[in-house]
1. Pop out the ³J(HN,Hα) list for segment 16-26 in order, Karplus 6.51 cos²θ - 1.76 cosθ + 1.60 with θ = phi - 60°, rounded to Hz; leave Gly and Pro as x.
2. What relative contact order, as a whole-number percentage, does segment 1-59 give when Cα pairs under 8 Å and 6 or more residues apart are counted?
3. Which of the GluC sites (Glu not before Pro) found in segment 1-109 are in a DSSP loop and have at most 16 neighbouring Cβ atoms, other than their own, within 10 Å?
4. So for the chain, averaging the separation of alpha carbon pairs under 8 Å that are six or more residues apart and normalising by length, what relative contact order in percent results?
5. Which Cα, out of Ser17, Asn76, Thr90, lies furthest along the positive dipole direction of the chain (beta carbon charges, K/R +1, D/E -1)?
6. Show Ile83, Ile28 ordered by accessible area, largest first, where the area counts protein heavy atoms only and the probe is 1.4 Å.
7. Report the charge-dipole magnitude of the chain in Debye, nearest 20, computed about the Cα centre from +1 at each Lys and Arg Cβ and -1 at each Asp and Glu Cβ.
8. Could you tell me the distance between the Cα centroids of segment 79-96 and segment 14-44, to the nearest Å?
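The values are calculated or read from the model by the stated rules, or taken from the named source; none is laboratory data. Note that the structure is a prediction, hence the values are computed from the model and not measured. Cβ placement follows ideal geometry from the backbone for every residue including glycine, while neighbour counts extend to all protein chains displayed. Surface accessibility is based on the protein's heavy atoms, side chains included, excluding ligands, DNA and RNA. Shrake-Rupley method; radii C 1.70, N 1.55, O 1.52, S 1.80 Å.
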Amino acid sequence: QVQLVESGGGLVQAGGSLRLSCAASGSIFSINAMGWYRQTPEKQRELVATITSGGSTNYADSVKDRFTISRDNAKNTVYLQMISLKPEDTAVYYCSAGVTYRSGAYYVAYWGQGTQVTVSS
């Protein structure tokens, strides 16, 4: 089992910045990628960004050039730096951990509890 603990959500004005953190513990050897998803009551959970153990990243088109995913392998922690936030970025953000295959597909095996990000206009 892998446990994921998120932090860093909150309320910010449009144009502002936030950084989310996700600390992983437990059977870290069983995963090779981590990522962030987000969900609102109106939409299905959507992928925001992923990062592999080797540092390869992938982003949703809606957040490219505004969000940056990074990781500190020594701390087993993944970060999501968000800048130029928009009201439409408002959502519950979920940390995830799993496996990325050679095809590029990302299989989520574990989820965090979620952290609320609210962007006011």
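1. x, 10, 8, 10, 9, 10, 9, 9, 9, 8, x
2. Numbers: 72 pairs, mean separation 14.3, N = 59.
Reported relative contact order: 24 percent.
3. Values: sites: Glu6, Glu42, Glu46, Glu88; in loops: Glu42.
Sites meeting the loop and neighbour criteria: Glu42.
4. 35 percent
5. Asn76
6. Reading off the accessible areas and sorting them downward yields Ile83, Ile28.
7. 180 debye
8. About 9 Å separates the Cα centre of segment 79-96 from the one of segment 14-44.
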